[in-house]
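Asker: The following block contains the structure, expressed as structure tokens.
Read the figures in this text as sums done on the coordinates, not as results from a lab. Predicted, not measured: the structure shown is a model, and the values here were computed from it. All Cβ positions, glycine included, derive from the backbone under ideal geometry; neighbour counts span all protein chains shown.
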Amino acid sequence: MVNVNDTDALIIVDVQNDFCSGGSLPVPDAELIIDPINRLQRFFDYLYFSRDWHPNDHCSFRDNPHFDEGCWPSHCVQNSPGAEFHGDMRIPVDATIIDKATTAEKDAYSAFDGTDLSTRLERRKTKRVFVVGLALDFCVKATALDALQNGFKAFVIRNATRAVFPENEAAVYAELQAAGVELIDSEDLS
Ligand code: VGL
Ligand code: ZN
């Protein structure tokens, strides 16, 4: 069991329409994590919701003529419906939203990359972060590994995340565990 304490933080990564069914870059079974995430929220005093928040000429878009390294369909364009949080996810009025990859030239998978997330966590004396959301093999993985780099203890809650390429899931979990991220399920929390 893991006892959640009052400085622990839940980081909910990129649960946005474009990553869910009907979106431009759908993660298989993304909807299955909404209920677990809604139920997890009550354990935590501090919730951080990250958003992939790209300009419409972002370098990661494969149809962008100005960059050749783009490898994704256009997704999560700032202020578009696809960038909105999934409508069934609970978002408290006092929630903190962390926008990332907001400029055309730079991509950022980690919610720590180019944001003030680490500063905000330190200000609240947070030592441990619990990471959930989309997608396990990209932004969730990068966020958990970056949490370690920033000196936090990191957990990934398996039943509250899904991979965009499910065949990568086992390898990602092995990589996270080898790096020192703890893998748990919602039922392990009290
Ligand atoms: C993500 C691909 C491109 C993610 C973001 O949130 O995991 N994946 N941009
Ligand atoms: Zn993106």
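Asker: Amide H neighbours of G133 under 5 Å, at least 5 residues apart or on other chains, H built in the peptide plane: list them.
Answerer: The list, which skips near neighbours in sequence, is V13, T161, R162.
Asker: Excluding residues fewer than 8 places away in the same chain, name every one of the aspartates and glutamates whose C-alpha is closer than 16 Å to that of K100.
Answerer: The reachable aspartates and glutamates, counting only those whose Cα sits under 16 Å from K100, are D14, D18, D52, D57, E84, D113, D116, D146.
Asker: Return the Rg/Rh ratio of region 12-64 with Cα-based radii and a Kirkwood Rh. Intermediate values should be presented prior to the final figure.
Answerer: On the way: Rg = 13.6 Å, Rh = 12.9 Å.
Radius of gyration over Kirkwood radius for region 12-64 works out to 1.06.
Asker: Taking a label point 7 Å from the Cα of D185 along the Cα→Cβ vector, which residues of region 2-33 have an amide N closer than 16 Å to it?
Answerer: 2, 32-33
Asker: Calculate one ³J(HN,Hα) per residue across region 30-41 by plugging θ = phi - 60° into the Karplus curve 6.51 cos²θ - 1.76 cosθ + 1.60, and present them in order as whole Hz with x for glycine and proline.
Answerer: Karplus values, whole Hz, x for Gly and Pro: 4, 4, 5, 8, 5, 4, x, 5, 4, 6, 5, 4.
Asker: Bin width 5 Å, alpha-carbon pairs only: give the P(r) of the chain as whole percents, running from 0 to the bin holding the largest distance.
Answerer: Using 5 Å bins, I get a P(r) of 1, 8, 18, 22, 22, 16, 9, 3, 1, 0, 0 for the chain.
Asker: Would you mind counting up the charge near N5? Only other residues with Cβ under 13 Å from its Cβ, with Lys and Arg at +1 and Asp and Glu at -1.
Answerer: Working: positive: R124, K125, K127, R128, K153; negative: D6, D8, D45.
Once all neighbours under 13 Å are counted, the net charge is +2.
Asker: While we're looking at this one, here's another question. In debye, nearest 20, what is the charge dipole magnitude of region 1-104 about its Cα centre with +1 on Lys and Arg Cβ and -1 on Asp and Glu Cβ, if you could check?
Answerer: With only Lys, Arg, Asp and Glu charged at Cβ, the dipole is about 140 debye.
Asker: For q values of 0.14, 0.15, 0.19, 0.20 Å⁻¹, compute log₁₀ I(q)/I(0) with the Debye formula on a Cα-only model of region 1-92, without solvent.
Answerer: The Debye formula, applied to the Cα set alone, gives -0.58, -0.64, -0.88, -0.94.
Asker: So which lysines can K125 reach, going by Cα to Cα under 18 Å and dropping same-chain residues fewer than 8 places off?
Answerer: Within the straight-line limit of under 18 Å, K125 reaches these lysines: K153.
Asker: Put a dot 7 Å past each Cα toward the Cβ at N150 and D29; how far apart are the dots in nm?
Answerer: That separation, rounded to one decimal, is 2.9 nm.
Asker: Which residue, L145, L32, L136, has the most motion in a Gaussian network model of the chain that connects Cα atoms within less than 10 Å?
Answerer: In the Gaussian network model the winner is L32.
Asker: Please compute one quarter of the surface area of the Cα convex hull for region 96-139 and express it in square nanometres.
Answerer: Mean shadow area of the hull around the Cα atoms is 3.6 nm².
Asker: Below 8 Å between Cα atoms, with a sequence gap of 6+, how large is the relative contact order for the chain in percent?
Answerer: 26 percent
Asker: Sticking to Cα atoms, compute the Rg of region 130-188 to one decimal and its Dmax as the biggest Cα-Cα distance, whole number, in Å.
Answerer: 10.2, 30
Asker: Let me ask something additional. How much of the pair distance distribution for region 65-173 lies past 16 Å, counting alpha-carbon pairs only, in percent? Present the calculation step by step, with values, prior to reporting the outcome.
Answerer: Details: 3883 of 5886 pairs.
Within region 65-173, distances greater than 16 Å cover 66 percent of Cα pairs.
Asker: By the scheme Lys and Arg +1, Asp and Glu -1, what is the net charge of all other residues having a beta-carbon under 14 Å from that of Q41?
Answerer: Here the charged neighbours net out to -2.
Asker: Moving on. Can you give the FRET efficiency to the nearest 0.05 for T119 and V2, using r as the Cβ-Cβ distance and R₀ = 30 Å?
Answerer: 0.75
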